[in-house]
Amino acid sequence: MRTAAQYEILPAYPLADVPQIKRALVARGVDVIDLGAGDADLAPPPAAVAALRETALDPLMGRYPFQLGLPAYREAVSAWMLRRFGVSVDPFREVLPLIGSKEGIAHIAFAYVGPGDVTILPDPGYQPYIGGTLLAGGRPHTVPLRAEHDFLIRLDELPPDVRSRARVLYLNYPNNPTAAVAPRAYLEAAVEFCRAHDALLVYDNAYSEIAFDGYRPPSILEIPGARDVAVEFHSFSKTYNMTGWRIGWAAGNAEAIAALGRLKAFLDTGQFLPIQAAAAAALASYDEWVPRNVAVFRDRRDSFGAALTALGLDVRIPQATMYFWVPVPGGEASESFARRALLQQGLVMMPGNALGRGGEGYFRMALTQRPDRLLEAAARLGRIL
Ligand SMILES: Cc1ncc(COP(=O)(O)O)c(C=O)c1O
């Protein structure tokens with residue numbers, strides 16, 4: 001059977017064999033430290049677990065959620081956005097429950113991108129941006145993120161034909177994998193860009209709550225005019241250590257929310273209602289629970305950052321996210337460096353080129369383990385260097 005052209009051009013994933021290599025190493029008794037995925041070893045809020053337990057016993061909660069989902073979840077999202085960002089979103093017209101933010105980020109291209117349309121996306125970048133674009137038949141215009149530009153996409157330097165044909169601009173700050181943050185003036189320019197070119201701004205804010213040293217990442221919806229052009233994606237995966245629960249939401253422009261909801265009605269039937277109830281409980285526990293969780297990541301960042309710096313690596317201490325984005329020393333290719341780390345020291349990292357060609361020359365390590373394991377990882381890194 002022949003696969004379709006838009007499937008065939010999906011990029012290959014470098015180091016796709018890592019899970020098998022890892023399993024083989026573990027079977028041989030190697031103590032593997034995995035700092036590859038952004039998937040922390042930490043527990044979710046007890047309030048979320050309790051709500052899941054309780055609501056799972058109710059047979060009515062086992063019925064189809066459909067796109068409406070749990071009204072109380074939509075209302076909890078709306079209330080949280082108001083408290084956290086001062087942004088008012090209508091829970092039924094401007095919010096949509098998602099089965100993790102990834103599916104919404106990937107699917108929205110099907111509503112806005114057609115053959116010949118261009119999307120603008122960061123390189124390196126989260127893979128659903130390019131995946132959604134290619135599967136919708138669009139042409140991704142990838143923009144390398146450079147340290148000398150603070151890892152921001154320079155909108156004023158985009159070629160004229162890209163600007164005029166752009167249907168979607170994907171932005172993600174705080175950024176995976178570079179850990180960069182965007183100044184407010186940049187977000188204002190992005191909103192203006194999308195307004196001028198009639199493009200949708202897909203703002204991926206998965207890391208809005210993992211930030212340190214008093215920095216509070218904004219919502220794009222705080223920017224004047226954003227509601228006309230932007231839809232923002234939020235996730236419980238990082239803020240609440242709920243990666244496997246698969247729950248998130250989209251909020252913003254009512255037409256884009258309606259389009260995504262209509263589209264999803266053809267693709268899925270919504271997330272299990274008890275998971276939505278658990279997510280609402282997680283939001284309600286924000287004030288007492290999230291700052292402590294962020295402090296755990298901050299302590300990890302501090303100890304790992306000091307250890308990496310002591311190795312002589314060119315390290316930027318992240319102000320947000322759970323990632324260190326570090327240049328590979330000595331000009332070695334990312335993939336070769338990551339493979340050596342795995343085979344010689346049992347250390348799993350993300351080679352920069354796994355997230356796009358623009359990531360070549362870097363590696364990413366995630367703060368997903370206890371400080372003593374992070375220090376051990378740094379020691380192993382030292383041996384590879
Ligand atoms: C940039 C970015 N967006 C979104 C997500 C969260 O995805 P989800 O909510 O589907 O777990 C991640 C997780 O790795 C991410 O790195």
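Only one residue of Gly305, Tyr323, Ala284 has its Cα farthest out toward the positive end of the dipole of segment 257-337, where Lys and Arg carry +1 and Asp and Glu -1 on Cβ, and that residue is Ala284.
Taking every DSSP beta bridge that has both ends in segment 46-285, the antiparallel portion is near 35%. Here the alpha carbons of the chain define both size measures, Rg and Dmax, at 20.6, 60 Å. As a rough footprinting exposure proxy, the listed residues Tyr203, Tyr362 were ranked by other beta carbons within 10 Å of their own, and the order from fewest upward is Tyr362, Tyr203. Given the options Pro159, Pro329, Pro97, state which has the largest fluctuation in a GNM of the chain using a 10 Å cut-off (strictly under) for Cα springs. Maximum among the listed residues: Pro159.
Candidates Gly132, Pro217, Ala147 compared by Cα position along the dipole of segment 46-285: farthest toward the positive end lies Gly132, with charges placed on Cβ.
Among 171-179, 301-309, what's the highest-first ranking by average C-beta atoms within 10 angstrom per residue?
In decreasing order of mean packing, 171-179, 301-309 become 171-179, 301-309.
When each of the peptides 289-298, 19-28 is scored by how many other beta carbons lie within 10 Å of its residues on average, the order from highest to lowest is 289-298, 19-28. Relative to one another, the C-alpha centroids of segment 217-269 and segment 14-62 are positioned 24 Å apart.
Between the C-alpha center of segment 312-385 and that of segment 76-90 there is a gap of 37 Å.
The gain in end-to-end length when the Asp150 to Ala16 segment is fully stretched comes to 45.3 nm, 0.36 nm per residue minus the alpha carbon separation. With the helix formula -39500 (n - 2.57) applied to DSSP H stretches of n ≥ 4, the chain reaches a computed 222 nm mean residue ellipticity of -12500 deg cm²/dmol. For a straight C-alpha distance cut-off of 14 angstrom, the aspartates and glutamates reachable from Lys238 (same-chain residues fewer than eight places away being disregarded) are Asp39, Asp41, Asp204, Glu209.
Other residues whose C-beta falls under 12 angstrom from the C-beta of His149 contribute a net charge of -2, scoring Lys and Arg +1 and Asp and Glu -1. Positive end of the dipole of the chain (Cβ unit charges, origin at the Cα centre): among Ile33, Ala354, Pro177, the Cα lying farthest that way belongs to Ile33.
Coordinate-derived values only; no laboratory data. Not measured: the values here are computed from a predicted model. With ideal geometry, Cβ positions are generated from the backbone for all residues, glycine too; neighbour counts draw on all protein chains shown.
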